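One structure is given below, encoded as structure tokens.
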Amino acid sequence: MNAAAVLAWFFALHMLGDYVTQNSWMAGNKLANAGVRFVHVLVYSLPFALLGYLVPPHSQLGAFGHSFTVQADLAFVWLFLAVFIPHFLIDSKRFCTSNPWPMKPIMVDQTLHAIHLAVVFSVFYGQR
């Protein structure tokens with residue numbers, strides 16, 4: 001699978017995890033309850049681990065001029081952690097108020113997720 005296809009899967013998995021599989025209980029309670037947030041982020045991140053298992057990332061991971069070597073059979077675990085941990089942190093807090101624009105917190109949240117996933121993609125699947 002080429003890099004463009006993997007990037008398309010990243011986008012699809014994000015939409016699936018942050019919109020389709022996130023029910024109203026998760027959305028309404030994840031900010032105040034770390035357990036609920038954990039469940040949401042686990043459900044969100046597992047498909048990325050499956051993608052990493054089916055389409056293994058490079059064994060030489062790196063971006064921005066730095067690299068490190070990982071065992072190929074464990075790369076999907078590192079991908080899972082690289083998706084899980086930042087997503088958990090982003091979903092831990094609303095980064096702005098909704099005044100005067102009610103959509104602002106959602107837009108900031110989604111922008112941070114997009115930047116996060118772009119960095120993860122470039123580290124794990126970017127061109128060498």
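The values are calculated or read from the model by the stated rules, or taken from the named source; none is laboratory data. The model shown is predicted, which means the values in this text are computed figures rather than measured ones. Quick reminder, even Gly has a Cβ in these numbers, built from the backbone with ideal geometry, and neighbours come from all protein chains shown. Surface accessibility is based on the protein's heavy atoms, side chains included, excluding ligands, DNA and RNA. Shrake-Rupley method; radii C 1.70, N 1.55, O 1.52, S 1.80 Å.
Annotations for the structure displayed:
- Calculated FRET efficiency for the pair Y53/I115, C-beta based, R₀ 25 Å, to 0.05: 0.50
- Based on C-alpha pairs under 8 angstrom that are at least 6 apart in sequence, the chain has a relative contact order of 27 percent.
- Dipole moment magnitude, nearest 20 debye, the chain about Cα centre, only Lys, Arg, Asp, Glu C-beta charged: 240 debye
- Where H58, H116 fall by accessible area, highest first, once all protein chains stay in place (1.4 Å): H58, H116
- Expected-Rg normalisation [2.2 N^0.38 Å, Cα atoms] applied to the chain: 1.10
- By a 1.4 Å probe calculation restricted to protein chains, K93 has an accessible surface near 120 Å², given to the nearest 10.
- Chain lengthening between F95 and A32 when straightened (0.36 nm per residue, less Cα-Cα): 21.3 nm
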